[in-house]
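The values are calculated or read from the model by the stated rules, or taken from the named source; none is laboratory data. All values derive from a computational prediction rather than experimental measurement. Every residue, glycine as well, gets a Cβ built from its backbone with ideal geometry; the counts of neighbours run over all protein chains shown.
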Amino acid sequence: MTSTSFRPEPHLVVVERLGSVVAAAGPLPWILRDANGVEHPATSDYLRHMLACDYSPGNLRSYALALLRWLRFLRAVDVDWQRAQREDTRDFVLWMRTSAPARPAGQRVAGTVNPRTGKRCLGATFAPATINHNLAVISSYYSHQISQGSGPLLNPVPKRTAPRGGRAHAHHNPLEPFRQPRRGAYRQRVPQTSPRAIPDRMFDELFAAMRSNRDRALLALYVSCGARPAELLGLTGAMINYGEQLVGVIRKGSRALQWLPASPDAFVWLVLYLNELPTGLVTTDTTVWWTLRRPWRQLNYDALRAVLRRANEQLLTNWTLHDLRHTYAIRMADDPKVPLVSLQTLLGHAHLTSTQRYLLPRLEQVLAHARDHYRRQAIPEPAEHTPAENLGYDHGDLHELFGWQELRR
């Protein structure tokens with residue numbers, strides 16, 4: 001069947017969860033297996049290309065999962081990946097806009113607002129940012145295949161619209177205002193959200209819900225050093241400086257080692273956790289974070305999310321690991337003695353504009369200002385009238401100019 005043949009409406013397409021992305025033992029960290037459990041050669045070739053371009057293993061896994069979703073959809077509509085056309089991309093986007101992704105069990109109704117945190121729960125369909133990410137990966141995948149002489153003659157994903165066919169604002173005149181470029185075909189409008197900090201009272205509840213010294217140490221380090229979740233999980237024994245109370249992390253973008261200060265309380269919980277581990281388990285080259293159940297295994301990101309998910313179920317909240325980083329950043333930004341460029345370095349932002357978003361008024365601040373305004377309107381302040389005698393003018397001059405004495409009578 002070709003892409004122009006009859007097919008059901010995108011929201012009626014049933015996409016089976018066939019195939020998988022698995023870790024590989026060779027130089028390629030991840031491979032994609034099709035519905036038959038066989039490695040997909042075209043995808044592996046593309047991932048090798050991205051690996052040679054110095055993409056991280058985490059990025060390669062994300063790209064492989066996006067391609068797996070695309071291949072599953074093509075299988076459902078009976079279209080070979082080498083014959084995909086623009087109509088297939090259109091239907092794929094429509095399918096993602098109406099289908100339900102896999103969600104962890106126990107979460108509240110999708111799309112609703114959590115009454116305790118004020119944050120929206122995960123939506124019932126794929127998020128706009130996820131759709132745009134999938135389109136970017138598929139476009140890059142077919143660009144590589146076309147350059148290798150395989151795949152369709154035309155990339156099924158339309159290019160992004162940009163001035164002069166290049167990067168947006170690449171040739172911008174600094175004397176003219178910036179204009180938002182038009183979104184490319186099938187790209188979704190991503191809502192702009194402000195970072196939210198965990199209030200101190202609710203953070204204390206979250207900390208009390210931790211079941212082990214390991215989890216308490218992780219939570220205290222996240223909220224006091226501002227590292228990304230994956231960066232702190234890569235902590236080894238050689239990356240802890242107890243004397244200076246510093247932890248070293250490998251930055252996500254530059255992959256450079258950077259030392260970050262942490263609170264004394266975080267180091268207290270860290271030492272309590274390390275004292276519970278067997279002697280010799282944590283060395284200068286091994287990870288600091290291990291599972292609590294034997295056999296000892298390195299704590300990964302999914303296991304850490306499970307720890308936070310259990311706490312959310314207990315507290316009826318929907319906090320995420322990245323909320324801890326937002327909390328750190330907002331606390332530092334509220335301190336007038338912390339320069340913005342210092343906060344940029346601590347957060348590992350490549351551009352200062354990424355750090356400036358923490359200076360914007362937050363929702364709780366705006367609401368507090370509005371409540372103060374309504375309170376002042378409800379109780380008007382008495383007007384202050386200064387008697388003429390207290391102004392310091394001569395009574396004779398006032399009598400000559402205005403007849404003040406007669407007016408008083």
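Does at least one position in the stretch 66-77 carry a residue that is over 27 Å from the mean Cα position of the chain (by Cα) and either of a type outside the set (A, V, I, L, M) or not in a helix (DSSP H, G or I) (or both)?
Yes: one or more hits.
Within the stretch 372-393, is there a residue that is within 30 Å of ARG325 (Cα to Cα) and modelled with pLDDT of 70 or more?
Yes.
Can you pull out the residues in the stretch 184-217 that are among the hydroxyl-bearing types (Ser, Thr, Tyr), out of contact with any helix residue (DSSP H, G or I) (no Cβ under 6 Å at 6 or more places or on another chain) and either touching a residue at least 40 places away in the same chain (Cβ under 8 Å) or assigned to a helix (DSSP H, G or I) (or both)?
SER194, SER212
Go through the stretch 36-52 residue by residue and tally those that are closer than 22 Å to ARG17 by Cβ and either assigned to a helix (DSSP H, G or I) or touching an Asp or Glu at 6+ places or on another chain (Cβ under 8 Å) (or both).
Count: 7.
Considering only residues that are in a helix (DSSP H, G or I) and either surrounded by 17 or more Cβ atoms within 10 Å (Cβ to Cβ) or acidic (Asp, Glu) (or both), which ones fall in the stretch 223-243?
VAL223, SER224, CYS225, PRO229, GLU231, LEU232, LEU233, MET239
Can THR353 be described as assigned to a helix (DSSP H, G or I), in contact with a strand residue (DSSP E or B) (Cβ under 9 Å, 6 or more places away or on another chain) and within 30 Å of GLU231 (Cβ to Cβ)?
no
Tell me, yes or no, whether the stretch 269-284 has at least one residue that is at negative phi and under 27 Å from the mean Cα position of the chain (by Cα).
yes
Yes or no: ALA220 surrounded by fewer than 18 Cβ atoms within 10 Å (Cβ to Cβ) and in a helix (DSSP H, G or I)?
So ALA220 does not fit the description; no.
Within the stretch 310-330, is there a residue that is more than 24 Å from ASP204 (Cβ to Cβ), modelled with pLDDT of 90 or more and of a type in the set (Asp, Glu)?
no
Out of (1) more than 30 Å from HIS351 (Cα to Cα); (2) modelled with pLDDT of 95 or more; (3) not β-branched (Val, Ile, Thr), what's the single condition that is false for PRO264?
In the conditions (1) more than 30 Å from HIS351 (Cα to Cα); (2) modelled with pLDDT of 95 or more; (3) not β-branched (Val, Ile, Thr), PRO264 misses (1) alone.
Looking at the stretch 29-61, which of the residues that are hydroxyl-bearing (Ser, Thr, Tyr) and modelled with pLDDT under 95 is nearest to ALA84 (Cα to Cα)?
TYR55
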